[in-house]
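The structure appears below as structure tokens.
What follows is calculated from the coordinates using simple rules that are stated; it is not laboratory data. Just so we're clear, the structure is a prediction, and the values are computed from it rather than from any experiment. Neighbour counts are summed over all protein chains in view; Cβ atoms, including those assigned to glycine, are modelled from backbone coordinates with ideal geometry.
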Amino acid sequence: MTFETLLPYLMAAIFAMAFPLVTGYLVLVERKILADFQARLGPMRVGPHGLLQPIADALKLILKEDTVPKDADKFLFYLAPLLSVVTAFGSFAVIPISATLRIADLNIGLLLISALAAVGVFGIILGGWSSNSNYSLLGALRGAAQLISYEVALGLSLVTVVMLSGTLSMQGIVEAQFNQRIWFLFGNYGLMLLSFFIFLIAAVAEVNRAPFDLPEAESEIVAGYHTEYSGFRWALYMLAEYTNIFIICAVAATVFFGGWLRPFANIEWLAYPMDAIFPAALLFLSAWGCARMKLFPFTALLGISGLVFLIPAVATALSAPFWFFLKVSAVFYVLIWFRASWPRLRYDQLMDLGWKRLIPLALGALLANAIIGML
Amino acid sequence: MTNHLETSEMLLNMGPQHPSTHGVLRLVLKLDGERVKAVECVIGYLHRGVEKIGENRTYMQFAPYVDRMDYISAVSNGLGYCLAVEQLIGAEAPPRAQIVRVLFAELNRIASHLLWLGTSALDLGAMTALFYTMREREEVLKIFENYCGARLTTHAFRIGGLQYELHDTFEAETRAFSEMFKKRLDEYEKLLTKNPIWVERLKGVGILTAEECKSYAVSGPMLRAAGVNWDLRKAQPYSGYEQFDFEIPVLHGADSYDRYRIRIEEMRQSLRIIDQALERIPSGAIMAKVPKVLKPAPGEVYVSIEAPKGELGYYIVSDGSLHPYRLRVRPPSFVNLASLEKMAVGALVADVVAIIGTIDIVLGEVDR
């Protein structure tokens, strides 16, 4: 067996083991950014500037008592969070981090992600129903209605991408963007911007993020479908939720922002500035920004680690993951921005927006893209 | 088309421990899907028998208790009580004390509206507003703390005037707050007033017309949002409010959105009063001549003021002894809350949360 054949298995193993930790830090990053929007500090107590908070949270959740409500359907109650996690993790299989760094290159990649997201609804419905609680049931019903409605718009906006790329494979979509010398975000004379807009709204609804966080609307139905869950099972739901957020950001980065491609990937002489100088400068600047937080050892390390990008061989190897994760982070930041600035929609308004505005708009965008594509 | 599917109604118990019932209000909702068929308000989880306690304390001893009814606007409660007892014994606070009382009452109105804005925005999922309003409310509480040592249950006034002189930095602090807060109010409006989701969540939700308001005896911002120009500061001026130049905002939408806009505008008007009051604090005594032992002649008074949440009234009956014969409080929260059922039936669960938010209740006052 060569290294190339082993790589997918290795990546799968790393993903499965590391992602709980990565999710924990995603939560920390979200809390920190949200705190910044809201004129406060965020977690500060566990470790320097709250850096160990995710580990403390995970330990707390694992050690908590595992309670099951009386009269709950035990089998489904145990199964539901697992369903959520498994479907969320399954989507990882087709996310390409670079041309070689991926688990599988399926020719139905995009379809697999939509399908798994659709199955993921069962985690919410079954969890809410089996809890035998009114709040959970309301949350589950909201979740089911919301996910089914917004899946249509999400699918339609992705179809426009497929029309441009001519393939469903995630890898193929990135390569198509390289060959056509344009990110699909700006494709079809800017018409794809509309598709991206629809995708972004539907994606936020798909992962139950504010302003579409109705299934777990705290101020209305306590915690929605996971009201009765506690400890480790609750942690599984959170793991699934943040994994889904990562997946949806990764899909946005891959199909609209050129995945691992650097900007102007076809212009040869930009290779060194974009692959080496830009990452180094960015890491150095962020280290300098973090110095404000009096985290000298960490920031110094971050700044120095940026310098390795200046070595041409390293730059060639690391630039693809660098650009991929930079794009994912940018989309993730936008999601947090949404959460900080918008109130929550009401259930009927959500359905209204989905069926009466987003789906017709998505159909229109599909038609317009098809006509322009034929010209 | 007839619906052949058999559906059953769901009985949802909301509270007393629910994130957005603002304390210990309990609602029993009868739901058809998400639509509310019937609402039953259950109150009393915070009942302390404040009125009965009043019958067993001297007039001065009871004063700190009123702070603990509407603990968000303790200064207003204290002002109403002091005015009532002063009328009962025939005393009047000196001019300096009156202006200082107005200053604190208006600062308190801002603090109360800020807490309302933050929490009711949080109920609708706009969590950022809460942190901004809390930041500004903190500045008001600091002024209170520097004046009398307490932040929440201030007990700032005494029967007959004030116990303490203004602290040295009071004017500078209040001016700085007023300057800063004008800009911050515009920031809140940028965040919310034209935010399409915010407008859609509040417009046309929880309509209570002027007629209905009157029949429920609703007062305060809710009444003025229904187009009724009624504010006790103008209608029956007390504590020298007639000297100030300010307007009573009135809107005609009668819905939650107009209640929000009324309260924002009221904060602006409060700033106007504060600015004017700072200019004209007279010198002189801060305490009227009040006997050490209060023994009012037999009789009764009803004094009401415009508290941040509406008309706050004190009805005191004296039998000539050291203690009131009967002490009755007319709390705005309790009276306004009665209209919840009228507004909530036919709305969605999410609307109920919005409606509770715009009534602006404090359970300490509802239950007493």
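What to note about this one:
- Peptide B:112-124, shielding by other chains (average Cβ, 10 Å cutoff): 2
- Less than 5 angstrom separates the built amide H of residue B:325 from those of B:317, B:318, B:319, all sequence-distant by 5 or more or on a different chain.
- Helix runs (DSSP H) in chain B reaching 24 Å along axis by Cα, Kyte-Doolittle at least -1.0: B:95-123, B:128-148, B:170-192, B:256-279
- Cα gyration tensor category, rounded, prolate or oblate, for the stretch B:10-367 with a/c compared to 1.5: oblate
- Taking every residue in A:134-145 and counting other chain Cβ atoms within 10 Å of its Cβ, the average works out to 2.
- Net +/- balance of residues flanking residue A:130 in space, Cβ distance below 14 Å, scoring K and R +1, D and E -1: 0
- Separation of alpha-carbon centers, the stretch B:234-278 and the stretch B:338-352, rounded to whole Å: 27
- Whole-Å distance, taken between Cα centres, linking the stretch A:147-192 and the stretch A:315-354: 17
- Modelled FRET efficiency - R0 41 Å, residue A:86 with residue B:186, Cβ distances, 0.05 increments: 0.25
- The order of A:199, A:338, going from fewest to most other C-beta atoms within 10 Å of their C-beta, is A:338, A:199.
- Linear extension gain, residue B:55 paired with residue B:292, 0.36 nm per residue minus alpha-carbon span: 83.4 nm
- Taking packing as the residue-averaged number of other Cβ atoms within 10 angstrom, the listed peptides B:296-304, B:280-288, A:105-113 run from highest to lowest as A:105-113, B:296-304, B:280-288.
- Shown for chain A are the DSSP H helices of 27 Å or more along their axis, judged by Cα atoms, with a mean Kyte-Doolittle hydropathy of at least -1.0: A:3-37, A:109-130, A:134-165, A:231-256, A:312-341.
- Partners of residue A:74 within straight-line reach, counting lysines whose Cα lies under 19 Å from its Cα and excluding those fewer than 8 residues away in the same chain: A:64.
- Sequence of A:130, A:98 once ranked by neighbouring C-beta atoms within 10 Å, starting from the fewest: A:98, A:130
- FRET efficiency, 1/(1 + (r/R0)^6) with R0 41 Å, evaluated for residue A:368 and residue A:329 via beta carbons: 0.85
- For the stretch A:1-82: rounded, prolate or oblate by the Cα gyration tensor [a/c cutoff 1.5]: oblate
- Theoretical FRET efficiency, 1/(1+(r/R0)^6), r = Cβ-Cβ of residue A:316 and residue A:337, R0 30 Å, to 0.05: 0.35
- Electrostatic dipole magnitude of the protein assembly as shown [Cβ: Lys, Arg +1; Asp, Glu -1; Cα centre; debye, to 20]: 880
- Relative contact order computed over the stretch A:262-343 (Cα-Cα under 8 Å; 6+ residues apart), in percent: 31
- A simple spin-label model places the labels of residue B:150 and residue A:13 6.6 nm from each other, with each point 7 Å out along Cα-to-Cβ.
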